[in-house]
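The values are calculated or read from the model by the stated rules, or taken from the named source; none is laboratory data. All of these numbers come straight from a predicted model, not from anything done at the bench. Ideal geometry is used to build each Cβ from the backbone, glycine not excepted, and the neighbour counts take in all protein chains shown.
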Ligand SMILES: Cc1cc2nc3c(=O)[nH]c(=O)nc-3n(C[C@H](O)[C@H](O)[C@H](O)COP(=O)(O)OP(=O)(O)OC[C@H]3O[C@@H](n4cnc5c(N)ncnc54)[C@H](O)[C@@H]3O)c2cc1C
């Protein structure tokens, strides 16, 4: 038998989490079911309408932590880049129940929506009975399965910037074309204004303890024209090669690094660098 609490509102959920830090938030259960932890008490979030909203704000699209992948695929507010990544997650049955909050809360560097949140520079809203705080996704992941999430907190919302996402590149490399967990995943964004690179972002998923994004290295070409960026390309590639310390998974670290560098180069070339 599964033990747990079924709050009727987010406020009630936060109160339960505050009084019993050990309860485990349960959204779609697609990761938790596989873990099959014994003797735990769950906090069922799947009935909370407050967590299921997708809203347009001035600068951001807000995705509730309880929004499922299927719901996102049917929404006009979700950017095609996120839809492309989400459409590659598992099969419809998992997409129907799996949520963004669960994808983040599971703490895996293979989580397909998390890669997109990284490259976009998304922020997470974390709530407790004491109040809320906004955390940059880059700062939220501290290490393997280590999150900047206090015992009394829940993830309630993800904020994705509305601007700067249109010129994107995305590749998921799995063991097969469909129903595959990422072996390597890459997402890149570039925006060019008045002939200069206004922003460039590159994120690598499934290759280390957390998704990798090196904002200081991105800075090597931000502000440059494409010609100027080409002139520093070899230095840029060498810096990425140097920085990427990858872990072994089902495939070797060397394989992963080669694939990462090939995808990064392909992204730069496709975008004119
Ligand atoms: C067959 C199969 C295939 C899969 N394929 C993919 C794939 O291709 N790509 C991919 O990215 N994932 C994949 N997954 C993993 C999983 O489906 C996703 O990670 C999904 O997003 C988890 O969401 P959920 O709502 O089911 O999370 P749950 O299982 O309910 O929870 C996952 C974790 O997040 C925590 N959590 C949930 N909600 C919150 C919250 N609001 N605040 C704080 N913590 C929270 C839970 O406590 C738990 O630790 C697959 C899983 C299965 C079983």
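Residues that are outside any strand (DSSP E or B), surrounded by 15 or more Cβ atoms within 10 Å (Cβ to Cβ) and modelled with pLDDT under 95 within the stretch 165-198 comprise 174, 181, 182, 183, listed in sequence order. Among residues of the stretch 102-113 being in a helix (DSSP H, G or I) and touching a strand residue (DSSP E or B) at 6+ places or on another chain (Cβ under 7 Å), the one that is nearest to residue 171 (Cα to Cα) is 112.
Restricting attention to the stretch 141-156, report how many residues are closer than 16 Å to residue 115 by Cα, modelled with pLDDT of 95 or more and within 11 Å of the ligand (Cβ to nearest atom). Residues flagged as closer than 16 Å to residue 115 by Cα, modelled with pLDDT of 95 or more and within 11 Å of the ligand (Cβ to nearest atom) within the stretch 141-156 amount to 1. Within the stretch 114-126, the only residue that satisfies the criterion of being surrounded by fewer than 24 Cβ atoms within 10 Å (Cβ to Cβ) and near the ligand (Cβ under 9 Å from one of its atoms) is 126. Scanning the stretch 41-63 for residues that are more than 9 Å from the ligand (Cβ to nearest atom), in contact (Cβ under 8 Å) with a residue 60 or more places away in the chain and surrounded by 15 or more Cβ atoms within 10 Å (Cβ to Cβ) yields a count of 5.
What are the residues in the stretch 93-114 that are more than 25 Å from residue 209 (Cα to Cα) and touching a helix residue (DSSP H, G or I) at 6+ places or on another chain (Cβ under 7 Å), if any? Residue satisfying the conditions is 96 alone.
Within the stretch 131-164, the only residue that satisfies the criterion of being under 26 Å from residue 261 (Cβ atoms), assigned to a loop (DSSP other than H, G, I, E, B) and in contact with a strand residue (DSSP E or B) (Cβ under 8 Å, 6 or more places away or on another chain) is 164.
In the stretch 10-28, which residue that is in a loop (DSSP other than H, G, I, E, B) and touching a helix residue (DSSP H, G or I) at 6+ places or on another chain (Cβ under 7 Å) is farthest from the ligand (Cβ to nearest atom)? Taking the candidates together, the pick is 23.
In the stretch 85-101, of all residues being in contact with a strand residue (DSSP E or B) (Cβ under 8 Å, 6 or more places away or on another chain) and closer than 26 Å to residue 247 by Cα, the one that is nearest to the ligand (Cβ to nearest atom) corresponds to 101.
Just one of the numbered conditions (1) part of a helix (DSSP H, G or I); (2) in contact with a strand residue (DSSP E or B) (Cβ under 6 Å, 6 or more places away or on another chain) is not true of residue 221: (1). In this structure, is residue 104 more than 8 Å from the ligand (Cβ to nearest atom), within 14 Å of the chain's Cα centre (by Cα) and either touching a residue at least 12 places away in the same chain (Cβ under 8 Å) or under 24 Å from residue 47 (Cβ atoms) (or both)? When the stated conditions are applied, residue 104 does not pass them.
State whether the residues of the stretch 12-24 include one that is at pLDDT 95 or above and within 27 Å of residue 185 (Cα to Cα). No, that holds for no residue.
Scanning the stretch 64-101 for residues being over 22 Å from residue 173 (Cβ atoms), free of Cβ contacts under 8 Å to residues at least 12 places away in the same chain and assigned to a helix (DSSP H, G or I) gives a total of 1.
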